[in-house]
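Q: First, the structure itself, so that you have it in front of you.
The values are calculated or read from the model by the stated rules, or taken from the named source; none is laboratory data. Note that the structure is predicted; figures quoted are calculated from it, not measured. All Cβ positions, even for glycine, are placed from backbone atoms using ideal geometry, and neighbour counts span all protein chains on display. Just the protein is used for accessible areas: all its heavy atoms, side chains included, with ligands, DNA and RNA removed. Shrake-Rupley method; radii C 1.70, N 1.55, O 1.52, S 1.80 Å.
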Amino acid sequence: MSGPITTQDAPTSAEVSAGAVEREVELERGRETMVGELPVRRVLPRRMRRTVGSWCFADHAGPVSVDEEHRVDIGPHPHMGLQTVTWLVSGELLHRDSLGSEQVIRPGQLNLMTAGHGVSHAEENPGRFRGELHLVQLWVAQPEATRHGAPAFEHHAELPRPELPGAEATVLIGAFAGEVSPARRDSEHTGVELVLHRPGAVLPLRRDDEYALVVLAGALSVDEQVVEPGVLAYLGTGRDECRLEVGAPARALLLGGPPFPEPVLMWWNFVARTREEVSVARRQWTERDERFGTVASRLRRVEVGPPPWDPRKGR
Ligand code: MN
């Protein structure tokens, strides 16, 4: 699972996200697109909302039926300057990367790959799996301090699960409701899955952080605005808590953190600061430079043409 980010998702210039707004609920509908054969709802980035904390990408896929013939296979492709966060609601997925990692992920587990200077990976339907696949893949923009660093991969089978009145939470990344995820983080962002059983769940938040909600199943309302799958509900900063109402059980992700202070340029599978960085990375991937390594996968490498600002485009 991964991008690619196109100019429909984000402009090809490096910008900081639209300014954080206090206690706003800003609903923005995502875009339906395809990643390989898989239809996804892309709710981040949006043109006006490039980041939420350091979260810079969110694709919500499925539920779709998969079996030996209808598979979700994403061949080897590169990343830089970001972390991929993979979270399944149902199904199974096999991750392989250029570090030699080979990891099946199942619901309730976290795959976290840090790209730094460069990594490549493939994601596929494990051989015998048939059933429903329902998942989200998120990217975290790495700060200047680590974005040129070494790649890494982590799998977390166990994550903290604080109980809240009316909700079960799982802390994927960061700190929430007194619990801290063991997953690496290079900035102070937070990612939490919420399963909401009854109305009136109250989420403890940090006043200086901005937040957004992404509904994965069902519907919820926040400040009397209804939020359903396919929508980014941006909550802004300035909240100590947030109350969620549901009419039936619902599942959502809470994403947050201090507004990301650095300008971000996203194109294809890269998070950068300048067009030159992206052009160089794309060329090195095409030329099979060792920067992005090799993935032990039988799937075909994913290639892309030059970026829209490249003078060689069209030749
Ligand atoms: Mn990817």
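Q: Could you list all residues from the range 284-313 that are open to solvent by 80 Å² or more (accessible area, probe 1.4 Å) and free of Cβ contacts under 8 Å to residues at least 24 places away in the same chain?
A: E287, R288, E290, R298, E303, P311, R312, K313
Q: For the range 118-143, how many residues meet the condition of being part of a loop (DSSP other than H, G, I, E, B) and within 16 Å of the ligand (Cβ to nearest atom)?
A: 3
Q: When you scan the range 212-224, do you find a residue that is in contact (Cβ under 8 Å) with a residue 40 or more places away in the chain and open to solvent by 50 Å² or more (accessible area, probe 1.4 Å), even just one?
A: Looking through the range 212-224, at least one residue is in contact (Cβ under 8 Å) with a residue 40 or more places away in the chain and open to solvent by 50 Å² or more (accessible area, probe 1.4 Å).
Q: Here is a follow-up. Going by the conditions given, is R46 among the basic types (K, R), open to solvent by 10 Å² or more (accessible area, probe 1.4 Å) and either more than 16 Å from L253 (Cα to Cα) or away from the ligand (no atom under 15 Å from the Cβ) (or both)?
A: The answer is yes for R46.
Q: In the range 4-38, which residues are within 16 Å of the ligand (Cβ to nearest atom) and out of contact with any strand residue (DSSP E or B) (no Cβ under 6 Å at 6 or more places or on another chain)?
A: Once the filter is applied, which keeps residues that are within 16 Å of the ligand (Cβ to nearest atom) and out of contact with any strand residue (DSSP E or B) (no Cβ under 6 Å at 6 or more places or on another chain), the range 4-38 yields T6, D9, M34, V35, E37.
Q: Within the range 75-91, work out how many residues are buried (at least 20 other Cβ atoms within 10 Å of the Cβ), more than 15 Å from the chain's Cα centre (by Cα) and not in a loop (DSSP other than H, G, I, E, B).
A: 3
Q: Still on this structure, please answer the following. Out of all the residues in the range 228-244, is one or more at pLDDT 95 or above and either within 16 Å of the ligand (Cβ to nearest atom) or in contact with a Pro (Cβ under 6 Å, 6 or more places away or on another chain) (or both)?
A: Taking every residue of the range 228-244 in turn, at least one turns out to be at pLDDT 95 or above and either within 16 Å of the ligand (Cβ to nearest atom) or in contact with a Pro (Cβ under 6 Å, 6 or more places away or on another chain) (or both).
Q: Can I ask one more? If L203 meets every condition in (1) under 15 Å from L244 (Cα atoms); (2) open to solvent by 60 Å² or more (accessible area, probe 1.4 Å) apart from one, which number is that one?
A: (2)
Q: Please go through the range 8-36 and pick out each residue that is touching a residue at least 24 places away in the same chain (Cβ under 8 Å), outside any loop (DSSP other than H, G, I, E, B) and out of contact with any Asp or Glu (no Cβ under 9 Å at 6 or more places or on another chain).
A: E15, E22, E26, L27, E28, R29, E32
Q: Continuing with this model, one more query. Hey, could you check the range 154-178 for residues that are of a type in the set (D, E, K, R) and under 23 Å from T84 (Cβ atoms) and say which is least open to solvent (accessible area, probe 1.4 Å)?
A: The extreme case among them is E154.
Q: Which of the residues belonging to the range 88-104 are touching a Gly at 6+ places or on another chain (Cβ under 9 Å) and more than 16 Å from H77 (Cα to Cα)?
A: L88, V89, S90, G91, E92
Q: For the range 92-117, give me each residue that is open to solvent by less than 40 Å² (accessible area, probe 1.4 Å) and at positive phi.
A: The answer is G108, G116.
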